[in-house]
Amino acid sequence: MTYKILISDKLGQAGLDRLAAMEDVSYDMLTGLSKVELIEKLPAYDALIIRSGTRPDAEIIAAGERLKVIGRAGIGVDNVDIEAATRHGVMVMNTPHANSVATAEQTMALMLAVARHTVPAHNSLAAGEWARSQFVGMELDGKTLGVLGFGYIGRLVARRAQAFGMRVVAYDPYVAEETAVDLNVSLLPLANVLAQSDFITLHAVVTPETTNLINADTLAQMKNGAIIINVARGKLIDEQALAAALQRGKVAAAALDVYQKEPPEGSPLLDLPNVLHTPHLGASTREAQDRVGSEIVEQVVDALRGTAFRNVINQSTIPA
Amino acid sequence: MPLTHDKHLPRILICDPIHAEAIAKLQEHLDVDVQTDLTREELVALLPRYDGLVARRHTVITADLLQHAFRLKIIGVAVPTLDSVDVTAARARDITVVNAPDANTLAVAELTLGLLLAMARRLPWAESSLRQGQWEPRRLTGTGLSGKTLGIVGFGRIGRQVALRAQAFGMKVLVNQPELTPELALEASVEQVDLYALLAAADFVTLHLPLVPETHNLIGAAQLARMMPSAYLINTAQGGLVDEAALLAALDAERLAGAALDVFADADGPTAALVGHPRVIATPGIGAFTEDAAREAAETVAEQVIDFFAITQIDPILPLRIVPAERVFPHELYDQKRVNRLAGRMEREGVLKNPPIVMETDAGYMVLDGATRSTAMQQLGLPHMLVQVFSADTEGLQLKTWYHIIRQMDKAALLRLLGGLPDVRLVESDAATVKEDLFEYGGLCYLQFVDGSVFMVKPLPEVNHLDALNRLTSAYIDVAHTDRTLNDDVVVLQHEYPDMSALVVFPVYTVERVIQVALSGRRLPAGITRFIVPGRILRVNLELEVLRAERPLREKNRWLHERLMAKQTQGEIRYYAEPIYLLDE
């Protein structure tokens with residue numbers, strides 16, 4: 001039999017090439033469909049592959065008479081009604097690790113850029129100034145990096161930072177001591193990580209506990225002149241409190257790729273000179289996009305064939 | 001400037017701003033003035049008062065200026081290069097020049113990776129887009145590093161540090177470095193290729209070489225044409241390495257994806273077309289510009305200046321010196337049992353009777369005589385050591401070679417023992433020519449038996465001569481009774497040693513060769529070299545407590561100086577010009 005897959009958001013070429021090479025699969029990539037059009041088309045398909053643009057709600061999912069899998073090329077699944085999917089026995093899966101290397105690389109890119117004032121130095125030179133004495137930087141070598149959230153990405157960052165001669169400490173109440181020891185990282189209570197770190201980088205998921213993890217109270221526990229990097233989620237930082245700490249010099253500088261609200265219109269952090277901003281580019285490399293595409297394609301087809309069920313969020317839907 | 005000065009302390013002038021921690025360190029040990037706004041005339045006027053000068057690159061130290069430096073003994077420049085100092089003129093005046101060649105290594109390596117990542121992730125453009133109120137992540141998609149190839153042109157100190165960091169990102173590293181040995185490439189997990197192969201294969205190319213006539217415009221139109229259109233060029237080394245016009249043309253024609261530059265051909269500032277190019281990241285020469293690098297450079301130089309005076313400020317009445325124990329190293333093997341015995345005796349007696357004789361080299365103090373004593377002192381954990389110091393050109397210093405007399409061993413057994421060693425072979429030779437042959441064919445030594453037969457000991461090919469010689473000598477020292485002699489006449493020796501089996505004759509070593517061996521970290525066999533030193537100082541009987549005390553080296557040396565002065569005044573130092581025989585050794 002042939003499995004039919006509908007791709008309703010733009011998917012990278014690497015994933016499409018993989019699908020084209022499979023004999024038991026056919027696909028259609030139809031982007032920009034209205035909800036009505038999607039409901040009309042979906043009954044013919046066994047699987048739906050989306051990114052963040054398509055929002056499969058209960059009505060759409062109910063229309064998918066043959067639908068067995070919704071594959072999200074990427075991490076966030078807030079655009080999918082998971083409860084409805086579970087009710088209809090539809091598996092929802094994502095690609096949690098495909099972006100990790102890109103995110104770790106962006107973390108290091110921002111850390112090095114902040115340490116050396118690379119972007120303002122570039123802007124000043126491009127504007128015709130030669131003002132090198134304004135850009136005395138700091139080295140990473142010998143400094144302490146605090147990783148808040150020591151999951152897959154946090155570990156990739158730790159390994160890279162260690163190559164720069166950094167000492168790495170981490171806070172993560174859900175990680176076993178041995179995991180950290182194997183990586184030559186000290187797992188410490190949050191207060192100790194905050195007090196010891198010259199650089200702090202966030203790699204936690206957003207939960208009620210981690211929302212506004214960086215707030216007036218935790219900022220006060222940091223070393224004077226600490227530097228904060230956030231390539232994870234905007235909601236981890238109380239932006240008002242961080243802006244105040246940056247203005248006082250308590251925090252020397254920050255590099256932010258994510259914001260409470262995106263785009264970050266009206267954020268108090270936008271006008272500060274000691275903040276480096278990028279518009280949510282953590283996962284944005286060609287390699288990561290290719291990988292997201294090929295991983296979701298492999299996962300969806302494996303699930304349709306019943307050979308493997310990877311990264312399924314609503315596990316109760318996995319056929320026995 | 002303070003009105004009074006400690007007249008015992010050497011005076012140091014710091015004439016450029018250096019890191020505060022280094023100033024504090026210098027002040028702990030020396031009499032320091034900081035005058036960083038001097039005009040040239042003021043500096044000329046002040047310089048005659050100082051024993052040491054500490055500067056950065058700002059003060060240019062010319063031959064002219066040094067004419068006024070009557071007392072100056074050392075110049076410390078807290079930068080990696082020496083281009084602000086007329087080193088030849090300084091040396092001619094016997095002024096030592098020190099600097100901090102490694103201080104900027106990490107700063108430059110980190111900036112290189114920083115620029116590489118900034119380029120890959122388009123940071124300046126991401127930032128300006130967002131600051132202009134736009135939100136267009138799709139247009140700013142970057143490039144990953146993992147699995148990509150980095151080409152490093154010039155694999156010195158900085159290139160190596162760049163390689164280590166790039167490897168942590170999962171990059172493959174190719175290098176181009178003319179004198180790189182395969183072993184070194186293997187050790188660094190890099191692949192050595194020629195320049196064109198590197199340019200053709202690398203996703204990122206970074207330059208880490210000095211600017212010399214041969215490297216000027218090393219990367220020109222022809223080289224850029226070899227690079228992939230998707231590749232990036234990074235230069236944090238020297239401006240003149242890249243032909244900027246050719247680079248601009250390649251960028252405009254989209255034959256290169258981008259460039260990140262911290263250095264420019266024109267030292268006064270780069271051309272606007274280049275730094276304003278939409279695919280160029282340009283920074284104004286900030287490669288070495290970190291506070292850490294400045295501190296490191298200043299501290300390195302401060303330490304060297306402090307050590308210099310700690311050791312040499314006192315005009316010694318005898319060539320005795322207290323030096324850091326870790327700076328003392330032997331040139332020959334020693335017997336660990338004898339070291340243990342001597343260490344035990346010294347511990348019980350609490351004194352060092354006779355100081356080891358050392359020669360001062362760039363790498364520290366090489367022991368000429370007293371390997372057992374110096375090793376015993378190191379074993380006792382003494383931080384400092386008393387030594388008698390010679391230099392290679394001390395008049396009357398001679399190196400002779402001991403020969404070994406092997407006694408009470410049957411000829412056949414000895415031939416079996418030595419012939420059975422894995423890395424040598426014994427060749428029967430002619431007594432009349434063996435000396436010349438030894439020199440000519442590079443034998444390790446020869447054996448002369450009492451029956452007149454002679455065997456040359458030759459190392460097998462690809463065997464390290466020193467290792468083979470060490471194995472050979474320990475083989476017979478372990479089993480036979482061995483004595484040392486300077487005489488190579490077997491007939492005469494036989495009268496002295498009736499139970500003698502054979503004489504082992506070694507090639508003559510030169511002082512230079514011994515230094516070479518020791519500096520390479522290898523050791524000669526024990527008891528081959530015999531240094532004849534004029535004016536050997538004996539029976540110093542220095543309390544080990546003095547060496548052990550936690551006091552600065554400078555204070556200990558001053559104390560030593562005072563003690564010797566007192567002894568001299570009281571007539572307690574006696575000098576014998578005659579060579580002597582001792583009957584109780």
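Scan region B:168-197 for residues that are at pLDDT 95 or above, part of a helix (DSSP H, G or I) and within 31 Å of the chain's Cα centre (by Cα) and the total you get is 2.
Yes/no per residue for (1) within 30 Å of residue A:228 (Cβ to Cβ); (2) modelled with pLDDT of 95 or more; (3) out of contact with any helix residue (DSSP H, G or I) (no Cβ under 6 Å at 6 or more places or on another chain); (4) aliphatic (A, V, I, L, M):
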{"position": "A:13", "(1), (2), (3), (4)": "no, no, yes, no"}
{"position": "A:37", "(1), (2), (3), (4)": "no, yes, yes, no"}
{"position": "A:47", "(1), (2), (3), (4)": "no, yes, no, yes"}
{"position": "A:51", "(1), (2), (3), (4)": "yes, no, yes, no"}
{"position": "A:82", "(1), (2), (3), (4)": "no, yes, yes, yes"}
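Is it the case that some residue within region B:208-215 is surrounded by 21 or more Cβ atoms within 10 Å (Cβ to Cβ) and either touching a residue at least 12 places away in the same chain (Cβ under 8 Å) or within 13 Å of another protein chain (Cβ to nearest Cβ) (or both)? Walk me through it before giving the result.
Initially, region B:208-215 is screened for residues surrounded by 21 or more Cβ atoms within 10 Å (Cβ to Cβ), giving B:208-209.
Narrowing the set further to residues that are either touching a residue at least 12 places away in the same chain (Cβ under 8 Å) or within 13 Å of another protein chain (Cβ to nearest Cβ) (or both) leaves B:208-209.
Looking for residues that are surrounded by 21 or more Cβ atoms within 10 Å (Cβ to Cβ) and either touching a residue at least 12 places away in the same chain (Cβ under 8 Å) or within 13 Å of another protein chain (Cβ to nearest Cβ) (or both), one finds at least one in region B:208-215, hence yes.
The single condition among (1) surrounded by 13 or more Cβ atoms within 10 Å (Cβ to Cβ); (2) within 19 Å of residue B:318 (Cβ to Cβ); (3) over 38 Å from the mean Cα position of the chain (by Cα) that residue B:535 does not satisfy is (3). Residues in region B:510-522 that are closer than 18 Å to residue B:472 by Cβ and buried (at least 18 other Cβ atoms within 10 Å of the Cβ): B:517 alone.
Residue by residue through region A:229-257, note down the ones that are under 20 Å from residue A:118 (Cα atoms), of a type in the set (A, V, I, L, M, F, W, C) and touching a strand residue (DSSP E or B) at 6+ places or on another chain (Cβ under 7 Å).
Within region A:229-257, the subset under 20 Å from residue A:118 (Cα atoms) is A:229-231, A:246, A:249, A:251-257.
Now narrow it down to the ones that are of a type in the set (A, V, I, L, M, F, W, C): A:229, A:231, A:246, A:251-256.
Answer for region A:229-257, where residues must be under 20 Å from residue A:118 (Cα atoms), of a type in the set (A, V, I, L, M, F, W, C) and touching a strand residue (DSSP E or B) at 6+ places or on another chain (Cβ under 7 Å): A:229, A:246, A:251, A:252, A:253, A:254, A:255, A:256.
Checking each residue of region A:173-195 against the condition of being within 14 Å of chain B (Cβ to nearest Cβ) and under 23 Å from residue A:113 (Cα atoms) gives no match.
Filtering region A:107-149 to residues that are assigned to a loop (DSSP other than H, G, I, E, B), under 25 Å from residue A:272 (Cα atoms), more than 7 Å from every other protein chain (Cβ to nearest Cβ) and without any contact (Cβ under 8 Å) to a residue 40 or more places away in the chain leaves A:117, A:127, A:129.
For residue B:513, indicate whether it is closer than 30 Å to residue B:323 by Cα and over 33 Å from the mean Cα position of the chain (by Cα). In short, no. Checked against (1) without any contact (Cβ under 8 Å) to a residue 40 or more places away in the chain; (2) touching a His at 6+ places or on another chain (Cβ under 9 Å), residue B:187 passes all but a single condition, namely (2).
Hey, residue A:205 hits all of (1) within 11 Å of residue A:149 (Cα to Cα); (2) touching a helix residue (DSSP H, G or I) at 6+ places or on another chain (Cβ under 7 Å) but one; which does it fall short on? Of the numbered conditions (1) within 11 Å of residue A:149 (Cα to Cα); (2) touching a helix residue (DSSP H, G or I) at 6+ places or on another chain (Cβ under 7 Å), the odd one out for residue A:205 is (2).
Evaluate region B:146-165: report whether one residue or more is part of a helix (DSSP H, G or I), at the interface with chain A (Cβ under 7 Å from one of its Cβ atoms) and within 45 Å of the chain's Cα centre (by Cα). For region B:146-165, residues part of a helix (DSSP H, G or I), at the interface with chain A (Cβ under 7 Å from one of its Cβ atoms) and within 45 Å of the chain's Cα centre (by Cα): present.
Scan region B:221-240 and give yes if some residue there is touching a residue at least 60 places away in the same chain (Cβ under 8 Å), under 23 Å from residue B:101 (Cα atoms) and either within 14 Å of another protein chain (Cβ to nearest Cβ) or in a helix (DSSP H, G or I) (or both), otherwise no. Taking every residue of region B:221-240 in turn, at least one turns out to be touching a residue at least 60 places away in the same chain (Cβ under 8 Å), under 23 Å from residue B:101 (Cα atoms) and either within 14 Å of another protein chain (Cβ to nearest Cβ) or in a helix (DSSP H, G or I) (or both).
Which condition from (1) of a type in the set (Gly, Ala, Ser); (2) surrounded by fewer than 16 Cβ atoms within 10 Å (Cβ to Cβ); (3) closer than 29 Å to residue B:10 by Cβ is the one that residue B:310 breaks? Every listed condition holds for residue B:310 apart from (2).
Taken over region B:256-285, the criterion of being buried (at least 22 other Cβ atoms within 10 Å of the Cβ) and either assigned to a strand (DSSP E or B) or of a type in the set (Asp, Glu) (or both) is satisfied by B:259, B:260, B:261, B:262, B:280, B:281, B:282. Filter region A:150-168 for residues that are outside any helix (DSSP H, G or I) and either of a type in the set (D, E, K, R) or crowded, with 23+ Cβ neighbours inside 10 Å (or both); which is nearest to the other protein chains (Cβ to nearest Cβ)? Per the stated criteria, the residue is A:164. When you check residue B:360 against the structure, is it closer than 20 Å to residue B:381 by Cα and without any contact (Cβ under 8 Å) to a residue 40 or more places away in the chain, yes or no? No; evaluated as a whole, the condition is false for this residue.
Would you mind stating whether residue B:234 is touching a helix residue (DSSP H, G or I) at 6+ places or on another chain (Cβ under 8 Å), of a type in the set (A, V, I, L, M, F, W, C) and modelled with pLDDT of 95 or more?
Here the answer is yes, as residue B:234 does meet what is asked.
Please specify each residue of region A:257-278 satisfying the condition of being touching a Ser or Thr at 6+ places or on another chain (Cβ under 8 Å), within 12 Å of residue A:230 (Cα to Cα) and free of Cβ contacts under 8 Å to residues at least 60 places away in the same chain. A:259, A:260 - these are the residues of region A:257-278 that are touching a Ser or Thr at 6+ places or on another chain (Cβ under 8 Å), within 12 Å of residue A:230 (Cα to Cα) and free of Cβ contacts under 8 Å to residues at least 60 places away in the same chain. Cβ-Cβ distances below 6 Å connect the following pairs, each with a first residue in region A:283-307 that is of a type in the set (Lys, Arg), a second residue that is surrounded by 23 or more Cβ atoms within 10 Å (Cβ to Cβ), and a separation of six or more residues or different chains: A:291/A:98.
Scan region B:286-296 for residues that are more than 25 Å from residue B:247 (Cα to Cα), part of a loop (DSSP other than H, G, I, E, B) and more than 7 Å from chain A (Cβ to nearest Cβ) and the total you get is 0.
Residues of region A:85-106 that are assigned to a helix (DSSP H, G or I) and surrounded by fewer than 17 Cβ atoms within 10 Å (Cβ to Cβ): A:87 alone. Of everything in region B:241-253 that is in a helix (DSSP H, G or I) and crowded, with 16+ Cβ neighbours inside 10 Å, the residue that is nearest to the chain's Cα centre (by Cα) is B:241. For residue A:89, state whether it is on the phi > 0 side of the Ramachandran plot and within 14 Å of another protein chain (Cβ to nearest Cβ). When the stated conditions are applied, residue A:89 does not pass them. Reported count of residues in region A:61-84, each being outside any loop (DSSP other than H, G, I, E, B) and surrounded by 22 or more Cβ atoms within 10 Å (Cβ to Cβ), is 5. Taken over region B:83-140, the criterion of being part of a helix (DSSP H, G or I), more than 9 Å from chain A (Cβ to nearest Cβ), in contact with a Ser or Thr (Cβ under 6 Å, 6 or more places away or on another chain) and not hydroxyl-bearing (Ser, Thr, Tyr) is satisfied by B:108 alone.
If you check B:96, B:81, B:141, B:112, which single one turns out to be over 30 Å from residue B:49 (Cα atoms), of a type in the set (S, T, N, Q) and in contact (Cβ under 8 Å) with a residue 12 or more places away in the chain? It would help to see each step written out before you state the result.
On the way: B:96 fails: over 30 Å from residue B:49 (Cα atoms); B:81 fails: over 30 Å from residue B:49 (Cα atoms); B:141 fails: in contact (Cβ under 8 Å) with a residue 12 or more places away in the chain.
Matching residue, one of B:96, B:81, B:141, B:112: B:112.
The values are calculated or read from the model by the stated rules, or taken from the named source; none is laboratory data. Given the structure is predicted, the values throughout are model-derived calculations rather than measurements. Every residue, glycine among them, receives a Cβ derived from its backbone with ideal geometry; neighbour counts consider all protein chains shown.
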